[in-house]
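These notes concern the structure reproduced below.
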Amino acid sequence: MELESRIEAIIFLSKEKISVDELVNHFKVDKQRMIEKIERLIEMRKVTGINIRLENELISLVSNPLCGEDVRNFFNPELKIKKLTKSTMETLAIIAYKGPITKTEIENIRGVSVEKAMSNLLEKNLVYISGKRKGIGTPNEYRVTDEFYSYLNVTNKEDLPGFEEFSRFSIVMKNKENENEEELHLISSILEEKKEVENEIK
């Protein structure tokens, strides 16, 4: 059986994201060759309902963005977001646009504890622990899940509404004292706007 098929089987059966290094160690192949095989699988699956995502050398299966409407209507993940408080929504927005990010960094932006908000988001599978930050204490880093991206009908952070504007804004505001307040308003307003539009449609 071809290597691509064997790799695909492991990706399909894994409940968590798999690193390129894990596959390299398992199949005993050169890392560059492994990446080429994965990229080929990504191309092959672009025309199917299930795509393969490679981000930061982590591999996962995700639904095709073109199937986003069907996925949302069937599984109704937006209900999870609509039930969030404003405080939790702000925390989710920060993770979406600034992840990977630690809990301490989120609290520095918001100015308050986010312990309860983080527990809620993890329970609803809207965010996940993506790794450990190198340094003192090796704190957890958080990102939004594929389910969150599916809700917004995008595939990654770069495709989020207003991400380019947010990135430019972050650079401009980097050395200003009111950076946290301004960034928080910008990134949380996008998710709030989507909720308002959906409410008007209904």
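Coordinate-derived values only; no laboratory data. Note that this is a predicted model, so its numbers are computed, not measured. A quick note on method: Cβ atoms are made from the backbone with ideal geometry, for glycine too, and the neighbour counts reach across all protein chains shown.
If each residue's Cβ is checked for other Cβ atoms within 10 Å, how do Ser87, Ser119 rank with the fewest at the top?
On the way: Ser87 15, Ser119 11.
Final ranking by Cβ density, sparse to dense: Ser119, Ser87.
Filter Lys28/Lys103; Lys28/Lys98; Lys31/Lys124; Lys17/Lys37; Lys98/Lys134; Lys15/Lys124 down to the pairs with a C-alpha to C-alpha distance above 28 Å, please. Could the numbers behind the result be given before it?
Numbers: Lys28/Lys103 37 Å; Lys28/Lys98 35 Å; Lys31/Lys124 35 Å; Lys17/Lys37 17 Å; Lys98/Lys134 17 Å; Lys15/Lys124 16 Å.
From Lys28/Lys103; Lys28/Lys98; Lys31/Lys124; Lys17/Lys37; Lys98/Lys134; Lys15/Lys124, over 28 Å: Lys28/Lys103; Lys28/Lys98; Lys31/Lys124.
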